[in-house]
Amino acid sequence: MNTILIGAALTLVALGGAAVAGTAEPGRQAVTLSLFGLALAVLFFVLQAPDVALSQIAVGTAVVPLMVMLAVRKIDRNPP
Amino acid sequence: MHWYAYTVAGWLMLVGSFGIVRSRDLVHAVVSLSVAQSGTYVLLLAVGYQSGAPAPVFAGGPAPSTRVVDPVVQAMALTDIVVSATVTALLLALSIQVHARHRTVDPDALTRLRG
Amino acid sequence: MSRTVRLVMFGVAAAVLAPLFGLAIAGAPPFGTASHPYRDLAVAAALRNATANVVSSINFDQRGLDTLVEETILLASVVGATIVLRASTGDVRRELAGDDRALAAVTLVSVAVLPGTLLIGLDVVVHGHLTPGGGFQGGVVLATGLHLLYLASRYETLERLRPLHWYRWSEGLSTAAFGGIGVGGLATGAGFLANVLPHGSFADLLSGGTVPLLNIAVGVAVAGGVVVLLAQFLDQALRIASERDGKG
Amino acid sequence: MTSWLLAALVLMLGGLAPALLLGSRRGALDRLVGLELGSALTVLVLLELSHGYGASSYLIVPLVLAVLSFAGTLVFVRLIGLRG
Amino acid sequence: MSRSALAPLAVVAPILAACVVLVAGRRAPRLVIDVLATATAAGVAATTGFLAASTLGGRAVTWSGGWSPVGGRSVGVVLVADPLGAGLACLAGLLTAVAMLYSWRYLASLQAHYHTLVLLFLAGLVGFALTGDLFNMFVFFELMGAAAYALTALRIEEPDSVQGGLTFAVINSLGAYLSLMGVGLIYARTGELGLARIGRALGGQRADALVIVAFVLVVTGFLVKAAVAPMHFWLADAHAVAPAPICVLMSGVMVELGVYAVARVYTTAFAGVLPGGVLRTALLVPGLLTVTVGSGMCLIQRHIKRLLAYSTIAHTGLFVVAFAVLTPGSVAGAALYVLGHAGIKGALFLVTGLLLDRFGSVDERDLFGRGSRRDPGGWFFLAGGVALAGAPPLGPGIGKAVAEDAAGRAGYPWLVAAFVVGSAVTGGAVLRAGLRVFLGLGHPPQPPASETQGSGEQPETPSLVRAVPRTMLAAIVLLLLAGALPGVVPPLWVAAGRAARMFLDRTGYAGQTLDAAPPTPVAPLPGLGWTTTGVVLGLVSVTLAVAVALLGVYRPRRAGWRGPVRSPAPVELLHRLHSGHVGDYVAWLFLGVAVVGALIAVPLLAGR
């Protein structure tokens, strides 16, 4: 059973990673990055690594998106 | 299943790097770099997995025994996540300054460092 | 180099590396293997030192040096971002825009959520040697909780409750405390970063020797570090404007 | 035990996958809907998995996610909204 | 306290000092901060210097956490100080102390943050040189990186500075992540992270695809750090824009640590499974390419810091070539070469920094004839150029001579040409710039359109300086002396020979690290030092360098190969390849990995 769960989570992660790298506009990319982070957390969880899943959630849900969005905002406010 | 987890790890490294190569925006490149790094977490945890074994956390979990998932790779992945977050922060800070000085974050338009 | 040449070059490299990587993983031990030699030693060592969360035991006891350096990386990044994002010549501080304010309902919910977040963060730090979590995860939760003040209210509220130099000090001091505990181990003759405190009984709050102490040190360092780090970004995005902006 | 895991699998394939799809297409606001759905579903999936694995200590993970995803949502709502 | 306490102290002392500086920085007077930082660096240098000397009789092994191995196995992280590693750590300490001396009352607007970062950088350098654990190497690598990225971009008012810092950070981080993939793969095979343990687990095995790919990935990060072509692009962009004292550290020891790490990982962990012949080819090909590209690009620069950066690339290529010969003599040569190069190159960077502080430019054309003949800096610069070319009896010269001798004995006499040409061309380029700037010889250079110029930069001091502060001058003199010294101190040659023998001794390393075995005594290498051939080849290099310089200065105005209108195709192509584009560099990085991977995998796997 767990093998199937891992397979499913791996697939989500693989697709999510491609979606993040393939999104050209950083503001949108940040949202997809958050989702990708969730998929990674689920994968870590089914791989029996709750510590790592917790780290990923701590970093990936709010802190990194906040930094990315602030950077995007700073850069967007001053168009070339 | 044997090869799938490792392949996904390699795939993430590849798509992340590919994202940087074809990036037209430094912030996008920085985020793509973090996708590439997530390949390393997946690889590490895949290496340490043991079918049917619980997590190496014994309080409120299984009875202490060595039949658990490898905790060493988890410790490495934890360190790796911290490193990734801090490096991403530094890179974003640099991107902000690149924009402040060059008025662009398009790598194709950053042409001052040549030769 | 044109875009096409670049992509072709990357493609060629990938075409060489992908099959090599494939051959390599074909020779790797099967996924889910039961053979983990380091694991066997590490779990035994964690049990000997009465640390219920083996991952914490590795992070703070067995391979504590890695974590000390990891905290140092965080310190370096925070100081680095502070330097890189400092206000430079030509920058002016500006008033916040009037629209920079959240809905009243959101503010209300946040006020309710904020104490809970901080408590959970503390719990994750303090129980790091027993349950999943630890100084790093808890520290980030604490820092995030504090930023609800900005996210759900106004930036000024956060600024008022955030004397930055306190956080900078707490980061520096607790990183130093981590190193100091390490040197303490040297002084007792047990070795650098040795777990010299009594180990306590397994799965107790006071068990694991130095592990909970180091967890708390890291928790404080991370919380302080993340607050300072985010402060640089917030300041740049909300407070600092370049004089050149107006002129384009 | 296994029924919890089965439920988690169903939720992953039937919920998380569409959320991911939603979150990787079109504009930022559309993606945000995907993220909201994804966060809520992930909390559920992690809860079910914790039950399925029979390890109460795992529950801290969905708890932290539930709290932080609120902050995460606010990040996007505020900063995407600001950009008009 | 035993000798084994010294290694962790050398790592943790700068970290603690950095925390003190950070906490006290706003209150304490600048002088206190300067003294504290300089003293800490000097203390680290003294400690590791003592370690280097005392470990000639046997390595100092420290298991962190007191996790001494039981039955040859341990869960802890090990620091293994041997003469070569501790020597490099000592070099890092010395260079940091000198850089701090030079920075006395410098970059005032940054307050103590600058000192904090430099001290953390030092901790990273020292730890990286001393650790005996693969994952710990990665962590220290990242610490060096995080500090170095920020230090490169210190002068945020400079557009080039922030861009160079960003490129540096992206390429190096990607390299580090590829290294970590390699660590994961090797952990999958062996279940070990300690270098000595991995060496034992792999010893006698067949070199299959997993081991090969793991090795290639692990060394990728280090090759990037060492700026081995085609992964070298970031270096010129970063070194050209970093403040001069930081360039001293990056050029003098950080880049060299990349080569050291490749060597360390190979000799301790992979030497038992990957045949030396295969590794030699896999390093010689990119190494020689690095020498070629580095010296070629060096010759056509007019931005003096970039010129020095490309000369560092060329020299690193020479270090790689020297190690690739894989004999004790060649390793000893590389070690001496690194010592001499660090001092001389550091002094050259600092003189260039002074030029920037005085004239607000580091452009050879801009500065033409502006340095005065009475300026000691000018003579230092010219002396540095001659020393860099390998003049006897100075430091770079002895390293070059010993390495050439070893290459000849190992059956690669043709490698001598690489050493002679590489050092002559880079030395000649430095001389050319010095002659033009300080003596005003010849006529100003005419540039092609597409290159980085280096004029109109902000000086690093608060305003343009008139009189050179004594501390800055003292730093330059110290570095020149340090660079000259290895050539004239025979005990250092003996020590280098023994250090090299220990470095290549895999069984001794594993035995001392894992079994607490008594050290195996190493005999000195016979015949290490100045030979007639070495002196003659050194003189040939210097003559060639002078010829290159004079040709550059006095070449006819129109018929030159880099005339005012158009450069010939190869030069133009070389210029265009160094595009400053992050995406290009990533593509090159992967191409480099593919090439090194193919060079190792094809001979080992094709036969099966």
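Overview of values
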quantity	calculated
In sequence order, calculated HN-Hα J values of the range C:197-208 (Karplus, 6.51, -1.76, 1.60; Hz; x Gly/Pro)	7, x, 7, x, 9, 3, 6, 8, 4, 9, 9, x
Among E:HIS443, D:LEU74, D:TYR58 the positive-end extreme of the charge dipole of the protein assembly as shown (Cβ point charges)	E:HIS443
Positive-end extreme of charge dipole, the protein assembly as shown - chosen from A:GLN56, E:LEU130, E:GLY194 (charges on Cβ)	E:LEU130
Simple label model, 7 Å out from Cα along Cβ direction - C:ARG154 to C:VAL5, nm	5.6
Span from the the range E:45-85 Cα centroid across to the the range E:347-381 one, whole angstrom	43
Residues whose placed amide H lies under 5 Å from that of E:HIS303, excluding near-sequence neighbours	E:GLU364
Residues with amide H under 5 Å from that of C:ASP91, placed H, sequence gap 5 or more	C:GLU243
Dimensionless Rg over Rh [the range C:149-231; C-alpha; Kirkwood]	1.16
Beta bridges by DSSP in the protein assembly as shown, antiparallel share as percent, to the nearest 5	95
Tail beyond 19 Å, pair distance distribution of the range D:2-82 (Cα, percent)	43
Residues C:PHE60, E:PHE222, E:PHE138 arranged by fewest to most Cβ contacts within 10 Å	E:PHE222, E:PHE138, C:PHE60
Where a label projected 7 Å from the Cα of E:LEU551 along Cα→Cβ would reach, residues of the range E:368-399 with amide N under 20 Å	E:385-391
Cut-off under 5 Å, modelled amide H: who pairs with E:LEU274 long-range	none
Neighbour-count order for C:ASP204, C:ASP91, fewest beta carbons within 10 angstrom listed first	C:ASP204, C:ASP91
Ranked by how many other beta carbons lie within 10 Å on average, peptides B:99-106, E:254-261 from highest	E:254-261, B:99-106
Whole-Hz couplings from phi, Karplus 6.51/-1.76/1.60, listed for the range E:368-379; x for Gly and Pro	3, x, 8, x, 8, 5, 8, 6, x, x, x, 5
Spatial separation of Cα centroids for the range E:403-446 and the range C:129-160, in angstrom	57
Point-charge dipole on Cβ atoms (K/R +1, D/E -1) for the protein assembly as shown, about Cα centre, debye to 20	2400
Under 18 Å from the Cα of E:LYS400 - aspartates and glutamates, other chains or at least 8 residues apart	E:GLU256
Ranked list, fewest to most other Cβ atoms within 10 Å of each Cβ, for C:HIS199, E:HIS239	C:HIS199, E:HIS239
Equivalent ellipsoid semi-axes - Cα gyration tensor, the range E:1-130, angstrom	30, 15, 10
Ordering of E:145-157, C:173-185 by burial proxy (mean other Cβ atoms within 10 Å per residue, highest first)	E:145-157, C:173-185
The range E:168-307 - Kirkwood radius from inverse mean 1/r over Cα pairs (Å)	16.0
P(r) of chain B over all Cα-Cα pairs, binned every 10 Å from zero, in whole percent	13, 31, 26, 17, 9, 4, 0
Quarter of the Cα convex hull surface for the range A:2-77, i.e. its orientation-mean projected area (nm²)	4.7
Residue-span extension gain [C:ALA105 to C:ALA26] - 0.36 nm each, minus C-alpha spacing	22.9 nm
Within 10 Å of each Cβ in D:34-40, the average number of Cβ atoms from other chains	4
Debye, to nearest 20: dipole size of chain D, +1 on Lys, Arg Cβ, -1 on Asp, Glu Cβ	360
Gap separating the Cα centres of the range A:1-44 and the range E:498-533, nearest whole Å	50
FRET E, pair C:ARG48, E:LEU481, Förster distance 60 Å, beta-carbon r, rounded to 0.05	0.70
Percentage relative contact order, the range A:2-77, counting C-alpha pairs under 8 Å, at least six apart	31
Rh (Kirkwood; distinct C-alpha pairs) - the protein assembly as shown, Å	29.3
Dipole magnitude of chain E about its Cα centre (Cβ charges: Lys, Arg +1; Asp, Glu -1), debye to nearest 20	660
Translational diffusion coefficient (Stokes-Einstein; Kirkwood radius from C-alpha pairs) of chain E at 37 °C, 0.692 mPa s, in µm²/s	138
Theoretical FRET efficiency, 1/(1+(r/R0)^6), r = Cβ-Cβ of E:THR533 and E:PHE50, R0 35 Å, to 0.05	0.50
Computed FRET value (nearest 0.05) for C:LEU119 with C:HIS165, which takes r as the C-beta separation and R₀ as 25 Å	0.45
Principal axes of the range C:36-247: Cα extent on each, largest first, Å	65, 40, 31
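Any read-out appearing in this document is the output of simple, stated calculations on the displayed coordinates, not a laboratory observation. It should be emphasised that the depicted structure is a prediction, and the values quoted were computed from it without experimental measurement. In this analysis, Cβ positions are derived from the backbone assuming ideal geometry, glycine residues included, and neighbour counts consider all displayed protein chains.
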